[in-house]
1. Anything in segment 239-258 that is farther than 15 Å from residue 173 by Cβ and either touching a strand residue (DSSP E or B) at 6+ places or on another chain (Cβ under 7 Å) or crowded, with 23+ Cβ neighbours inside 10 Å (or both)? List them, or say none.
2. Considering only segment 210-235, how many residues are under 15 Å from residue 52 (Cβ atoms) and either buried (at least 16 other Cβ atoms within 10 Å of the Cβ) or in contact with a helix residue (DSSP H, G or I) (Cβ under 6 Å, 6 or more places away or on another chain) (or both)?
3. For segment 8-34, name all the residues that are touching a helix residue (DSSP H, G or I) at 6+ places or on another chain (Cβ under 9 Å), modelled with pLDDT under 85 and in a loop (DSSP other than H, G, I, E, B).
4. Within segment 25-48, is even one residue closer than 19 Å to residue 249 by Cβ and surrounded by 21 or more Cβ atoms within 10 Å (Cβ to Cβ)?
5. Collect the residues in segment 180-193 that are surrounded by fewer than 24 Cβ atoms within 10 Å (Cβ to Cβ) and in a helix (DSSP H, G or I), keeping them in residue-number order.
6. If a residue has to be more than 15 Å from residue 184 (Cβ to Cβ), in contact with a helix residue (DSSP H, G or I) (Cβ under 9 Å, 6 or more places away or on another chain) and surrounded by fewer than 24 Cβ atoms within 10 Å (Cβ to Cβ) to count, how many in segment 90-129 make the cut?
7. Among the residues of segment 55-65, are any buried (at least 24 other Cβ atoms within 10 Å of the Cβ), under 20 Å from residue 199 (Cα atoms) and in contact with a helix residue (DSSP H, G or I) (Cβ under 8 Å, 6 or more places away or on another chain)?
8. Inspect all residues belonging to segment 154-169 and state whether any of them is under 21 Å from residue 48 (Cβ atoms) and either surrounded by fewer than 20 Cβ atoms within 10 Å (Cβ to Cβ) or at pLDDT 80 or above (or both).
């Protein structure tokens, strides 16, 4: 069947999300190169400027599909608010609980939140394969969190800060799952991914501008701080979310958020290799479980010809609508 192989729509979508996840996994480490810049400023410059760039690049598509976006303005607003809250919670979580723990909690809980949203709002049933993959990923994230949290506690880090960081990680996970669901919902309603993502992230970027103006002065204190801000906006946020949006046009949000479990594994490894954080054996076991989760999730079925779609594969109608929207655009 055409498009059913690993190079088909779902396989291409998974590759886009995985590539985006690798780019996102660099953000926590990159932020450590600007220690004088607060987490709110880092989040605002990364997602704020990155979101505005997405809107600028997609301006023609947004204008062309403005009637459809206005028709779904409640969804667009919900997605934009989630985009604005996510980076503030995410980067503050990493600053308080550490790069590995903040990333692990934020991304580890996201697939479960996404699956719950799809189950409640879309009536989407979860396959046994997705459940197995999610359990592996969750077990891995818990091990990573416990391993890194224990190390930070031994190093004298405040327990209150770590707990607050974990709580903010949960907020980040919920908002990440929510704007992923909104974007997928818009795409399956015949709005191309660039128009949908551009509208959501552009409006979210506007919401973040006041935060950037209030907290972003340290970004101009040195070339190093400015370089970190530019990198965050252009590479993981702008390029990463273009790839993520392309993936959401081909796989459901629960699949995308589960695939993005690669991010905490990348973040943990970079935190050890570059930042100098120590990851005990339990933490490396957690990384291995996250990788196993991704293998289960993306393993071909039916003689290797069909890729697995987690949650439930995006409905045929939804994929056809998304493909038709891309062709029309």
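The values are calculated or read from the model by the stated rules, or taken from the named source; none is laboratory data. What you see is a predicted model; the values in this text were computed from it and never measured. Glycine gets a Cβ as well: all are built from the backbone with ideal geometry, and neighbour counts include every protein chain shown.
1. Kept after step one, since they are farther than 15 Å from residue 173 by Cβ, are these residues of segment 239-258: 239-252, 255.
Correct list: 240, 241, 244, 245, 247, 248, 249, 250, 251, 252, 255.
2. To start, the set of residues in segment 210-235 that are under 15 Å from residue 52 (Cβ atoms) comprises 210-213, 216, 229-230, 232-234.
Still in the running and either buried (at least 16 other Cβ atoms within 10 Å of the Cβ) or in contact with a helix residue (DSSP H, G or I) (Cβ under 6 Å, 6 or more places away or on another chain) (or both): 211-212, 216, 229, 232-233.
Summing the residues that are under 15 Å from residue 52 (Cβ atoms) and either buried (at least 16 other Cβ atoms within 10 Å of the Cβ) or in contact with a helix residue (DSSP H, G or I) (Cβ under 6 Å, 6 or more places away or on another chain) (or both) in segment 210-235 gives 6.
3. 25, 32
4. no
5. Taking segment 180-193 first, the residues surrounded by fewer than 24 Cβ atoms within 10 Å (Cβ to Cβ) are 185, 188-190.
Matches in segment 180-193: 185 only.
6. 8
7. Step one: filter segment 55-65 for residues buried (at least 24 other Cβ atoms within 10 Å of the Cβ), giving 58, 65.
Pick out the ones that are also under 20 Å from residue 199 (Cα atoms) and you get 58, 65.
Now restrict to residues that are in contact with a helix residue (DSSP H, G or I) (Cβ under 8 Å, 6 or more places away or on another chain): 58, 65.
Yes: one or more hits.
8. Step one: of segment 154-169, the residues under 21 Å from residue 48 (Cβ atoms) are 168-169.
Restricting the remaining residues to those that are either surrounded by fewer than 20 Cβ atoms within 10 Å (Cβ to Cβ) or at pLDDT 80 or above (or both) gives 168-169.
Within segment 154-169, one or more residues are under 21 Å from residue 48 (Cβ atoms) and either surrounded by fewer than 20 Cβ atoms within 10 Å (Cβ to Cβ) or at pLDDT 80 or above (or both).
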